[in-house]
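Reading through the structure tokens given below for one structure.
The values are calculated or read from the model by the stated rules, or taken from the named source; none is laboratory data. Bear in mind the structure is a predicted one, so any value in this text is a computation, not a measurement. Positions of Cβ are generated from backbone atoms using ideal geometry, with glycine treated the same way; all protein chains shown enter the neighbour counts.
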Amino acid sequence: GEDVEQSLFLSVREGDSSVINCTYTDSSSTYLYWYKQEPGAGLQLLTYIFSNMDMKQDQRLTVLLNKKDKHLSLRIADTQTGDSAIYFCAETADSNYQLIWGAGTKLIIKP
Amino acid sequence: DAGVTQSPTHLIKTRGQQVTLRCSPKSGHDTVSWYQQALGQGPQFIFQYYEEEERQRGNFPDRFSGHQFPNYSSELNVNALLLGDSALYLCASSLEGDSYEQYFGPGTRLTVT
């Protein structure tokens, strides 16, 4: 079945860029997402990208998609302490209503 | 503009009991999906409701059932609770036609003892 994989942890210094990576197996993926989850909170939709795009930028966030390698990344520029959270990668196919999720990457910010 | 709301926030139940969780979608949304998130894991899709019918279901047993009301709000029912049902239950809403944008509520933390 479909699978989404992420590294469990990423540690960066405040002010540096964070790059969170994700790989997926479903070749029919149409939409790919990044969600943010802070402790005790629900999931916040950060951004998404259609599979026919290579890149999407939204303020400090840049999403890169390599469809050939089935690799998605999220770059957060000028990482701040408020960016500390778990970041989930998710995907869905056009004919499917469910999101398939990775296990999440915990972003740790060092002062 | 109210976002997705869920109730209750926390719930403690005993094995074998039944539980009902509630969700009100974001204003203007007509589709509700339910997810189960175990500690340290990503969410798992339970099912989605549209036009008061279950449209798609994930790999969950029949003990998990749901309902959608004419005002688009939804309930998730779990019967014969098991310890393994302890998790954060998340509701997401979307608008048919823009279903790729799902917005989540804060979740209900269910603990089964």
*From (1) among the polar types (S, T, N, Q); (2) closer than 24 Å to B:A38 by Cβ; (3) more than 14 Å from every other protein chain (Cβ to nearest Cβ); (4) more than 13 Å from the chain's Cα centre (by Cα), pick out the condition that doesn't hold for A:N21.*
(4)
*Look at the stretch B:37-75 and say how many of its residues are away from every other protein chain (no Cβ under 11 Å), hydroxyl-bearing (S, T, Y) and either touching a Pro at 6+ places or on another chain (Cβ under 6 Å) or closer than 17 Å to B:F104 by Cβ (or both).*
3
*Being under 12 Å from the mean Cα position of the chain (by Cα) and not hydroxyl-bearing (S, T, Y) is the filter; apply it to the stretch A:24-42 and report the residue that is farthest from A:D83 (Cα to Cα).*
A:L32
_Against the conditions (1) surrounded by 19 or more Cβ atoms within 10 Å (Cβ to Cβ); (2) farther than 26 Å from A:G104 by Cβ; (3) touching a Lys or Arg at 6+ places or on another chain (Cβ under 9 Å), where does B:Y72 fall short? Just the number, please._
(3)
*Within the group B:G16, B:G3, B:G42, which residue is on the phi > 0 side of the Ramachandran plot, of a type in the set (G, A, S) and more than 14 Å from the chain's Cα centre (by Cα)?*
B:G16
*asked:* Restricting to the stretch B:75-103, count the residues that are crowded, with 22+ Cβ neighbours inside 10 Å and of a type in the set (F, W, Y).
replied: 1
*How do the pairs read when you match residues in the stretch B:80-105 that are away from chain A (no Cβ under 11 Å) with residues anywhere that are in a loop (DSSP other than H, G, I, E, B) and among the basic types (K, R), using Cβ under 8 Å and keeping only pairs 6 or more apart or on different chains?*
B:A80/B:R63; B:L81/B:R15; B:L82/B:R15; B:L83/B:R15; B:S93/B:K26
*asked:* Tell me yes or no: at least one residue of the stretch A:75-82 is part of a strand (DSSP E or B) and either away from every other protein chain (no Cβ under 13 Å) or over 23 Å from A:I100 (Cβ atoms) (or both).
replied: yes
_A:L99 - would you say it is under 23 Å from B:A92 (Cα atoms), of a type in the set (A, V, I, L, M, F, W, C), at the interface with another protein chain (Cβ under 8 Å from one of its Cβ atoms) and buried (at least 16 other Cβ atoms within 10 Å of the Cβ)?_
yes
_B:L21 being in contact with a Gly (Cβ under 6 Å, 6 or more places away or on another chain) and at pLDDT 95 or above_ = no
